[in-house]
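Below is one structure; the comments refer to it alone.
Nothing in this text is a laboratory measurement; each read-out follows from the coordinates by a stated rule. Worth saying up front: this structure is predicted, and the values here are computed from it rather than measured. For neighbour counting, all protein chains shown are included, and Cβ atoms are generated from backbone atoms with ideal geometry for every residue, glycine included.
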Amino acid sequence: MPVPVPRQRAIPAAESGQAQAAPHVGGPSTETGREPPAEGVRGPATDAPADGTAVPDGSAVPAAPASADATPANLTLLVIEDDPAGSPIVPEMLDSAGRPIRLRTARNLTEAERLLTDDVHCILLDLALPAPGRAADSEDELVVLRHVLELAPRHAVLALTASGDAERGAEAVRVGAQDYLLREELDGRLLSRAIRYAVERKRSDTAERRLTESKLRAQENARLERGLLPTPLLEGSSLRFAARYRPGRSRALLGGDFYDTVRTPDGTVHAMIGDVCGHGPDEAALGVELRIAWRALTLAGLCGDRLLSTLQQVLEHERDNDEIFATLCTVDIAPDGRRAGLCLAGHPAPLVARPGRAPELLPYDNNGPALGLLPRARWPRTQVELGAAWSLMLYTDGLIEGHVGNTGERLGQEGMLGLVRRRLEQGLSGETLLRTTVDEVRDLNGGELTDDVAVVLLDRSA
């Protein structure tokens, strides 16, 4: 039995909210449409679209496949059936607003593909429609449905089947259709409701799929960012290592700050911390590149000015524009652990704490420019005596640029020294010292810090 298709019928204005007009069927592969209003009768602009789309009476529901957020004034239904014009039944598809459903009909999938434009919201597919190229003995009874689902992945699909074949309709839903209808029970009210349901269910399914994809992407990004954080290479060293990292951008694991620590074959421990200006994903990527380059160059034997000069070349090649720069602090600790070499490239000086003495900053008089600011710049290496037992803390400026209460005053290096001194007097060390320090800085700021924060702590016992 063919799919019911609207025949010519006058629609009272009181019923539909439209001027009285007569729709007609334009052929087996057409859209039905209203005739022009009678002379002296003015019809609304929504009666017929500019491209001549015909409008039978019916209902409309927001949700266009092309834009899940759109709310069209009219739905468009594409009927795919091998004899769509042969039915004498005229289903009345009217919703409470009296807005019409535009109707398009196609006898086969070739015609359907031509008519399947972005303004189609729902497809009514006859499951008995022969599939192109299908063998007579094919066991896949839903091959035509699978073809339509591939052809129209963003559109709602209703499957039409015979009353005695409800199992096939249920299988169609399992394959991907939004619902199925029994041919013998089909009427305008049922079809109107089914179309609205199918469109809304498709919208819901699409939103759920996008949410799932977003969660998967977030998980993948988290794994990627977590994998880009460094693992210290300190095998064979007696130094203890701890680090704390807090990116400034929301819901991120990686920012523009970067750090690393490695031990070379001669027993020297090299530590580095740096900060790319900004804290977005581009800065995070550049920070990772600089960190990896630093590790490779350090393991290759470079140190001090030679290493920083090479890193500046890497930065100049990899940055997006000439205004991007990075600050850097490198420390190389001698195998005996009692002295170190320090290079600063526009970066805050590290903090050192020794037993029985207040924490202090390492010398910063020879602080060179940040990487990427001056061509042919030089970064002198300063020799520092550490002693038998010490704690060395490297940090980025995100730790000292937070505010202290509502005064607008910055914490600064002096404030950081006092804060660390109090924590050391409480007997804190390692991860606990770093965690409580960063948490207190955040609390003093009155909330989350806007800049990235990275802190590295190296300890040596006497």
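Taking a ≥ b ≥ c as the square roots of the eigenvalues of the alpha carbon gyration tensor, region 230-460 is oblate, as a/c is not under 1.5 and a/b does not beat b/c. By the gyration tensor of its Cα atoms, with a ≥ b ≥ c the square roots of the eigenvalues, what is the shape of region 412-462: rounded for a/c under 1.5, prolate for a/b over b/c, or oblate? Note, shape of region 412-462 comes out prolate. When peptides 391-403, 110-122 are sorted by average Cβ neighbour count within 10 Å, with the highest value leading, the order is 391-403, 110-122.
When each of the peptides 272-278, 157-163, 171-177 is scored by how many other beta carbons lie within 10 Å of its residues on average, the order from highest to lowest is 272-278, 157-163, 171-177.
Here the extension length gained between Ser163 and Arg210 equals 13.4 nm, from 0.36 nm per residue of separation less the Cα-Cα distance.
A crude spin-label estimate for the pair His403 and Leu229, with each label 7 Å from Cα along the Cβ direction, gives 2.8 nm.
Report note on the peptides 210-219, 404-413: ranked by the mean count of other C-beta atoms within 10 Å, highest first, their order is 404-413, 210-219.
The simple spin-label model puts a point 7 Å past each Cα toward its Cβ; for Glu200 and Asp443 those points are separated by 5.0 nm. Computing FRET efficiency as 1/(1 + (r/R0)^6) for Ala296 and Glu185, where r is the C-beta to C-beta distance and R0 is 56 Å, gives about 0.20. For Ser429 and Arg193, the FRET efficiency from 1/(1 + (r/R0)^6), where r spans their Cβ atoms and R0 equals 60 Å, is about 0.30.
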